[in-house]
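Each reported figure results from applying straightforward, stated rules to the coordinates on display, with no laboratory input. None of these values were measured; they are calculated from a predicted model. Backbone-built Cβ (ideal geometry, glycine too); neighbour counts: all protein chains shown.
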Amino acid sequence: MSISKYRSTLTKFQSSIALFLLCLALSLLSDKFLTVDNGWNVLRQISVNICISVGMTLVVLTAGIDLSVGSMLALSGAIAAGLLKFGIELPDNDLYIGFTILGTIVTGILTGSALGFFNGWVITKFKVPPFVATLAMLTIARGLTMLWTKGYPISSLGNEFGYIGTGWFLGIPVLVWIAAIIIAASIILTNKTSLGRYIYAIGGNENASRLSGININKVKIIVYTIAGALAAVGGIMVTSRLDSAQPNAGMSYELDSIAAVVIGGTSLSGGRGTIMGTVLGAIIIGVLNNGLVLLDVSPFWQQVVKGFVILLAVIIDKVNSKAE
Amino acid sequence: MLVAENIGKRFSGVIALNNVSMDLPGGKVTAIIGENGAGKSTLMKILSGVYPDYEGRIIFKGQEVHFANPKEAQQLGIGIIHQELNLIPDLSIRENIFLGREIVNSWDILDKKAMQQKTQELLNKLKLNVSPDTLIRDLKVGQQQVVEIAKALLTDSEVIIMDEPTSAISDHEVEILFSIIEDLRNEGRAVVYISHKLDELFRIADRYIVLRDGQVTESGSMDEVNHDTIIKKMVGREIKTISKVHRESATGELLDIRNLSLATQNGTKKVLLDNVSLKLNSGEILGIFGLMGAGRTELLETILGLHNSSSNGVITMEGQPLKINCPQQAIKAGIVLVPEDRKKDGLVLGLDVKTNISLSTLHDIQQAGLLSKGKEMQLAEKYTASLCIKTPSPHQQVKNLSGGNQQKVVLARCLATKPKVLMLDEPTRGIDANAKNEIYKLIMELSEAGLGIIVVSSELPEILAVSDRVLVMSEGKITAEFSSSEANEDNILKAAIPKTI
């Protein structure tokens, strides 16, 4: 009995243990790793992925997937940056609308929400598989980003806007604050609200959920909208941090966020997983990226290593669930 | 023909079978009986090669054998019809029947014609009137079970194991299956028959073997036992089958359904429900009987609002017309459904007991917009107590409960919504005699509390045991209505058999 109990505790904290061992190894291998500066650096780097991955977790819990987060991030960031810098000019009507920073942020997030809503609408109304619907959105939103930016970065957005990406508040980077607030809110959402419960139920058994009187379509649309909104938040964060909206921003971010979700133990078939798991997954990927850079590993090898880590995480998960 | 000696099997430390020995002679039908969890299915899976790791020996026609996989067992001549359906939904009947043993020509190309013909023969034999090209997903559960039977009959097995082969089929198909079993017995094959339906065992089996808690406790000839003694052997004590105390309880009309019709959506324009009208009083148990394909399940689903786009009709509750476009609206109006397939449609298996119970009524356990753990536990404890749900705690995952207790969890979720009309589709499918009686008792208690209850079943004894009034369906129509005193097996079956074939 005690052995199986010991084992299940071990399973529960396996991500934390893996992270701890990873940090231990890196601090032995590099004297630059375990420094305060590097710590904040890592946290700032992963805060964007955490925002996106939280949305991805909700989507995956309903047994869906969202491949369009990277493109939605780019478009939302670019729209915010463009509106901030140029406003809207309508020469025919002799009209110019300028945007405050708050106005651009809100518009950016609304853009992401609208794109996410569109994903959810297509998926529920026309029964398009999430993989296909969001794959389409991946290229649609990327194309719109190119159109909006005409293929050039929108840069020099001003110090005030840059405060989001580079500023500190109460001794902690603003980016980390944003990620922390999103983590807290989503933990409450998943554990404490009806919506959260419905997300797990739908992923666990959609038929039974329907017969239980859950409005499946509504829940799914909300979930994809949240994923879009959080991608947009990520877009604002990236744009502010770089002081520039890049037309190719967020390229392949969907892969990092799916990796975080999977390493965090969320089942891709839905119904099982936690936000904290995903956060740990995102931290593991962030620390790994950072460590490989510090150790001067070539970017090509970094990708190979990351791929194997994802595989390893899933295999360990499978072996554990079999042992249960 | 097949002898098992001292078979033992453990699942992660838990003993499922302990020192089981038995002998299955040719030319006999042997019934294996025991409650859920007694080890019947485990034993059959060992005999058919599904579980290659076990203790003990299997001797087939005088030689010791050890099967590494089901295919080896099949090739030697041991076929099995599994309790769970093992069919691939997106392949056709033909492709499923020949899966892994396709007929090929000398170029190794599939010989579709030969397989088609063979499949057609099997379907004719089993009187399943569908094309071999039909996809499994387009079949009803009962028809799928018939395909499962066809699969086992394809090879010339000398030992045929049937694990609950009739749990989803109606009496008509059961008759066909029984005549096939007779033939197999006369050909000298050994048939193993597992079923919760004791009446079937008395009709078809020659011998019985009782399994209790993973051990063989008794065996003998079916002639020596009767219904009550066999139940006693199974559970180790006596249980009486509940039968209804008939009463004039109906107190005023609750539900009135007029001209409910439903057409198939896939363009074939087949009518699934044809102007069905029925009334239900509060405190009444209305039994609806029908053979496979009669439209029983469709009727309940349509009332619940699942086929909104392809159905029409008028539903009135306590004199108020209802607009039901989806299950939410039905539940709000006080109509709930305990579905036929609890694993597929009833439960979120990976979530725990309390979460499943509260799923339809989360708005009741909220506090300031957030879910209250305390209120949820109260709700769960209330229903685990009142329905006697046997679970170590409300935090137990439902997939670890027995069939009967799972069914009660679905029932608890439905009752938590405080319904006026409770619809139950095959409420005791695949659960043991003891749990069955508990469910019947609950149904009766609920009707006494004033609920209007509709019980749909393909088991005649069940319909006769619980109903105040019986409706019979055939080909999407209601073909007869009987009071509980008029209803008997003969007149119900007569009304249930389709007129056109």
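Couplings 3J(HN,Hα) of the range A:307-312, computed from phi: x, 5, 5, 4, 4, 4 Hz, in residue order, whole Hz [Karplus 6.51 cos²θ - 1.76 cosθ + 1.60, θ = phi - 60°; x for Gly and Pro].
What the phi angles of the range B:472-488 give under the Karplus curve with 6.51, -1.76 and 1.60, with θ = phi - 60°, is a coupling list of 10, 10, 8, 6, x, 10, 8, 9, 7, 9, 10, 7, 5, 6, 7, 5, 8 Hz, glycine and proline written as x. Relative to the first principal axis of the alpha-carbon coordinates of chain B, what is the inclination of helix B:141-154, with its axis defined by its Cα atoms, in degrees from 0 to 90 and to the nearest 10? Between the helix axis and the principal axis of chain B, the angle is about 10 degrees. Separation of the range B:392-440 from the range B:448-501 is 22 Å, based on Cα centroids.
Between A:ASN41 and B:ALA68, what FRET efficiency follows from the Cβ-Cβ distance if R0 is 51 Å, with the result rounded to 0.05?
On the way: r = 55 Å, r/R0 = 1.09.
It comes to 0.40.
Using the alpha-carbon atoms, what tilt in degrees (0 to 90, nearest 10) does helix B:171-186 show relative to the longest principal axis of chain B? Helix B:171-186 sits at roughly 10 degrees to that axis. What fraction of the DSSP beta bridges in the protein assembly as shown is antiparallel, stated in percent and rounded to the nearest 5? If I count the DSSP bridges inside the protein assembly as shown, around 60 percent turn out antiparallel.
Cα centroids of the range A:272-286 and the range A:24-52: 15 Å apart. Pairwise Cα distances in the range B:1-104 exceed 24 Å for 29 percent of all pairs. In units of the compact-protein estimate 2.2 N^0.38 Å, the range B:251-332 shows a Cα radius of gyration of 1.10. Annotation: for a label point projected 7 angstrom from Cα along Cα→Cβ of A:PHE86, residues of the range A:126-145 with backbone N closer than 15 Å are A:144-145. Assuming R0 = 25 Å, can you tell me the calculated FRET efficiency for the pair A:LEU34 and A:TRP301, based on Cβ-Cβ distance, to the nearest 0.05? Using R0 = 25 Å, I get an efficiency of 0.65. With Cα atoms as the point set, the radius of gyration and Dmax of the range B:253-496 evaluate to 17.9, 58 Å. Of the two radii for the protein assembly as shown, the radius of gyration is 1.03 times the Kirkwood radius, both from the alpha carbons; that is the Rg over Rh value. Amide H to amide H distances under 5 Å link B:TYR51 with B:ILE46, where only residues 5 or more positions off or on other chains count and H is placed in the peptide plane.
Using the empirical formula 2.2 N^0.38 Å as the baseline, the Cα radius of gyration of the range B:38-182 reaches a ratio of 1.08. As an equivalent ellipsoid, the range B:382-500 spans semi-axes of 30, 15, 12 angstrom, where each value is the square root of five times an eigenvalue of the C-alpha gyration tensor, largest first.
Given H placed on each backbone N at 1.01 Å, which residues far from B:GLY287 in sequence or on other chains put an amide H within less than 5 Å of it? Result for B:GLY287 returns B:VAL455, B:ASP468, B:ARG469, B:VAL470, B:LEU471. Taking Cα atoms only, the orientation of helix B:403-416 departs from the longest principal axis of chain B by about 10 degrees.
With the convex hull of the Cα atoms taken as the outline of the range A:41-181, the averaged projected area works out to 10.4 nm². Extension gain, B:SER393 to B:GLU224: 0.36 nm times the residue separation minus the Cα-Cα distance gives 56.7 nm. Calculated mean residue ellipticity, 222 nm, chain A: -25000 deg cm²/dmol, from DSSP H runs (n ≥ 4) at -39500 (n - 2.57) each, averaged per residue and rounded to 500.
Backbone phi angles across the range A:175-186, fed through the Karplus curve with coefficients 6.51, -1.76 and 1.60 (θ = phi - 60°), yield HN-Hα couplings of 4, 5, 4, 4, 4, 5, 5, 5, 4, 4, 4, 6 Hz in residue order; Gly and Pro are listed as x.
When the inverse distances between all different Cα atoms of chain A are averaged and flipped, the Kirkwood radius reads 20.6 angstrom.
Normalise the Cα radius of gyration of chain B by 2.2 N^0.38 Å (N = residues in it) and let me know the number. Walk me through the numbers on the way to the answer.
Details: Rg = 23.7 Å, N = 501, 2.2 N^0.38 = 23.4 Å.
Normalised by 2.2 N^0.38 Å, the Cα Rg of chain B equals 1.01.
In a reduced charge model with +1 at each Lys and Arg Cβ and -1 at each Asp and Glu Cβ, chain A shows a dipole moment near 1160 debye about its Cα centre.
For the range A:99-201, the Kirkwood radius over C-alpha pairs fed into Stokes-Einstein at 10 °C and 1.306 mPa s yields D = 94 µm² per second.
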